[in-house]
Every structure is written in structure tokens, then in C-alpha cells.
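Structure record follows, encoded as C-alpha cells.
The values are calculated or read from the model by the stated rules, or taken from the named source; none is laboratory data. Note that the coordinates shown come from a computational prediction; the quantities given were computed from them, not determined experimentally. Here the Cβ positions follow ideal geometry from the backbone for every residue, glycine too, while neighbour counts run over all protein chains shown.
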Amino acid sequence: MESHTAGRECKMASAPHATSIVFVVDDDVSVRESLELLLRYEGWQVATFASASDFLASPRSSVPSCLVLDVSMPGLSGLELQKRVANSRTEMPIIFITGHADIPMTVQAMKAGAVEFLTKPFTDEALLGSIRQALDRSQEALGRAGENQALRDDYAILSRREREVMALVVTGLLNKEVAAELGISEITVKAHRGRVMQKMKAQSLADLVNMASRLGLGRSRSA
């Protein structure tokens, strides 16, 4: 890793993602210490680990984060850790660093979703640019997860009948058709539909159709 720290005196106060966390997993203590100094200088929080198992035992982060990961380590390798992170921490992009890269290894890592695969020696700016990209991606993922959770929370407060009405309305059925399907009056359907729109915070039928799709309620026949 080549150092390019000159001229960074003003970056800490204005560094992006100041509350973000960069996790570093590398069995080489000198690499961990060097990266920690560099990343803290940029204004990020840093957590370092000597092994994949130590990282897996750590609590999950609720803020934008990324993982700077060595490929070859004793015990669980970087590529094996990537598989576990991909399943359990989807909001955490990975940047691989290695001193002995080969094409199959690089292809495997990138196909599995790695943001970057850096071979030592690499410049500070190459790493920092990859981290910024990874943290942007993490922030977007957390934002989507928050929106989806809010949507599920809204759906959870619907009554059983309101859910039945919503499920039929988003398929494109008219109120009278929904009424016939459920064996209730059209006026009652309109009342339930109005409460569904209000509770789901939907501005239009198209909004409601989109929400139903995100909730996995099935495909609509029309919008």
C-alpha cells in the first residue's frame, strides 16, 4: 500500500460518511494498523479483526458499512467469509485486498458481488475510492431496507378484511367485483378500500399495486 497522506489536513471535518464504519479483516497486524490509521484519518470509524471468525462474532452494524477483507487467512478464508456475509449482511459490500491474486480468484470474488479486488501494492486513493463507493452502496441498501420495513409495519395494521380487499383491488378488480368476490356490499368495499389507502399511505392505485408487489402479495392483472 503506497502512502499519499500529504495535503489531507482538512479532510477529517468534511469527510463523507463520518458515522460509517469500515471493518477490516486481515491476519497481518501491520496491515490492520496501517489501514486503521489511514481510515481514521479520513474520518471513518474503523473496527479491525485478525480472523474471519472474530469478525463473525462481532455485532452487526446499523449504519452504512463495508468490509475490507484479505483473501488468504488461516482458518476461514476471505472468499468463504464473503459467502457468509452475502447471506447474512447484504447491506455490507466487500473490498478484497491480497498480495497474491489470480484471475479465477478475482472472477469468483467479483461474481459474488465484491466492489473491488485490489492487489498489493495499491495506492491509498484506490482503496479510499473503493470504500466511498462501497459505503454509498451500503447506505442505499439500508435505505431500501428501512422503507421495506416501514411498508411491512403499515401492512401489519390492516385488518383481515382490509387485507382481503387490498389483495383483490391490486389485481385490477372493480369495487363491485371485489364486493361479489367477498360477498359484501360495494359501499363496504369502498370504505375498506379507503382505509387501506390511508393506512398504507398510498397516493394512488398505482402506488398500492407497487406496495403489494414489494410485499410479495402476487402480481396484479392491471394497474
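So which of Val115, Val68 ends up being at pLDDT below 85 and surrounded by 20 or more Cβ atoms within 10 Å (Cβ to Cβ)?
Exactly one of Val115, Val68 is at pLDDT below 85 and surrounded by 20 or more Cβ atoms within 10 Å (Cβ to Cβ), namely Val115.
Can you report the number of residues in segment 119-136 which are more than 22 Å from the chain's Cα centre (by Cα) and without any contact (Cβ under 8 Å) to a residue 24 or more places away in the chain?
Qualifying residue count, segment 119-136: 2.
Pick out the one residue from Arg152, Arg193, Arg163 that is crowded, with 17+ Cβ neighbours inside 10 Å, of a type outside the set (A, V, I, L, M, F, W, C) and not assigned by TED's automatic domain parsing to the domain that holds Ser62.
Result of the check over Arg152, Arg193, Arg163: Arg193.
Only one of these is assigned by TED's automatic domain parsing to the domain that holds Glu125, of a type in the set (Val, Ile, Thr) and over 24 Å from Ala141 (Cβ atoms): Val31, Val68, Val63. Name it.
Val31
Could you check how many residues of segment 118-173 are part of a loop (DSSP other than H, G, I, E, B) and over 30 Å from Thr188 (Cβ atoms)?
3
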